[in-house]
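This is the structure I want to talk about, given as structure tokens.
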Amino acid sequence: MNKKNIDIKVILFFAVLLLIGITAFIIQFFNHVDCEDVKFYIFSDHSQSEESIEFYDKTHNAKSWEWDFGDGSAPDKRQHTFHVYKNPGKYKVTLTINKECVHTKELILKDKFAADKFGTPQIIVSKIITAGQPTYFDSRSEGAKTWEWAFGENRKGIDETSPNPVYTFSTPGEKTITLVVNGDFSRVAKKVIYVHPRVIKKTNPLDVTAYVYEKNAEAFALPRGSVKKDPLEDMLQYVPVAPKTKTQKDSIAAIKKAPKISEDQFEILLGKVAEGSKVKDDFSEFLCDDLEIPIVKNDKDLLTFAQLCANIKGKKIKIESIRLNKDKTNNCIKGMSINYKVKKYLIWVKD
């Protein structure tokens, strides 16, 4: 009898122990962070100092965050935050997740004021400009070797190619002066000026006080005749009116441009497709309504964007790299290459 009671107690002990172990495993499983699958992103429009840079983490099961921006500032413990670097240079951004997963990215920032100081030339011109009189121009630019001036009156493009041109405006009004140095059209200097009308000097008026009129002006007037109908009135009723022709501005359709999107932002949207909160049609504005653009998957498979969205939907994916091929004229995405893995039975494998 005692032996039977002992056996039941032993069985209960091991059953409780097993239950505790299973509970601990489940808690650990659902709170575990895969340190190899950390997803944090850095968004910057110009990658320069004095700019507000966005930091965002989307790691699965992440509960706590600590950002070290690498510039000696205090750590930030928010999931989504912004930071401004005062000086240009290289910075190591470190993110610690759940106090165990540590990941680092390098951030390179250029000087915000260097481009304005040395890149874009400065146009120098007098404040008072008059039509018909010569106007003297000058420029300041570091390392300038060629100059292309346009003074806003001619449509041929370039008016002068000297560093200190002299130009005479033929008409008054507002003019836009442009200057391109060393053929660099990414930094075009522009200056809006106002050209004053030509000054008309008064000449000496004629002295008509001594003129003797032969007759009064009334003597030269013709007698008023009877009112008659204008013969052109009937003729103009039958003149056909030409249809209004389209102007050049109306005939040229505006080029539709796609909104800007970085590769990191596109990666986040693809992650939402895998989660099921986004669909392929949500990308139409970035693809200019062409959902059949070619996609190179994992350096070997070729498929369309619509097929890619169907493949990753409902799967847990880890994107290793993504590269967008954009059209420079309208910013539309025309192609893409992507390398990613899917999680199968706790193992990441190529799809």
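Going by what's in this entry, would Thr96 be described as farther than 18 Å from Phe43 by Cα, touching a strand residue (DSSP E or B) at 6+ places or on another chain (Cβ under 9 Å) and at pLDDT below 90?
Working: farther than 18 Å from Phe43 by Cα: yes; touching a strand residue (DSSP E or B) at 6+ places or on another chain (Cβ under 9 Å): yes; at pLDDT below 90: no.
Considered against the rule, which asks whether it is farther than 18 Å from Phe43 by Cα, touching a strand residue (DSSP E or B) at 6+ places or on another chain (Cβ under 9 Å) and at pLDDT below 90, Thr96 comes out as no.
Leu324: without any contact (Cβ under 8 Å) to a residue 12 or more places away in the chain, assigned to a strand (DSSP E or B) and in the same structural domain as Lys272 (by the TED database), yes or no?
Values: without any contact (Cβ under 8 Å) to a residue 12 or more places away in the chain: no; assigned to a strand (DSSP E or B): yes; in the same structural domain as Lys272 (by the TED database): yes.
So Leu324 does not fit the description; no.
Among the numbered criteria (1) part of a strand (DSSP E or B); (2) in contact with a Gly (Cβ under 7 Å, 6 or more places away or on another chain); (3) farther than 19 Å from Gln265 by Cα, which single criterion is violated by Leu302?
With respect to (1) part of a strand (DSSP E or B); (2) in contact with a Gly (Cβ under 7 Å, 6 or more places away or on another chain); (3) farther than 19 Å from Gln265 by Cα, Leu302 is out only on (2).
State the number of residues belonging to region 159-189 that are within 19 Å of Pro134 (Cβ to Cβ) and either in a loop (DSSP other than H, G, I, E, B) or free of Cβ contacts under 8 Å to residues at least 12 places away in the same chain (or both). Break it down into steps so the answer makes sense when it comes.
Pass one, region 159-189, residues within 19 Å of Pro134 (Cβ to Cβ): 159-173, 175, 177, 179.
Checking the rest, the ones that are also either in a loop (DSSP other than H, G, I, E, B) or free of Cβ contacts under 8 Å to residues at least 12 places away in the same chain (or both) come to 159, 161-165, 169-172.
The total comes to 10.
Could you figure out which of (1) of a type in the set (Lys, Arg); (2) at pLDDT 90 or above; (3) surrounded by 14 or more Cβ atoms within 10 Å (Cβ to Cβ) isn't true of Lys39?
Unmet condition: (2).
Moving to a separate point now. Would you check which residues across region 62-105 are loosely packed, with under 12 Cβ neighbours inside 10 Å and among the β-branched types (Val, Ile, Thr) and list them?
Thr104
The values are calculated or read from the model by the stated rules, or taken from the named source; none is laboratory data. Please read all numbers here as calculations on a predicted model, not as lab measurements. Every residue, glycine as well, gets a Cβ built from its backbone with ideal geometry; the counts of neighbours run over all protein chains shown.
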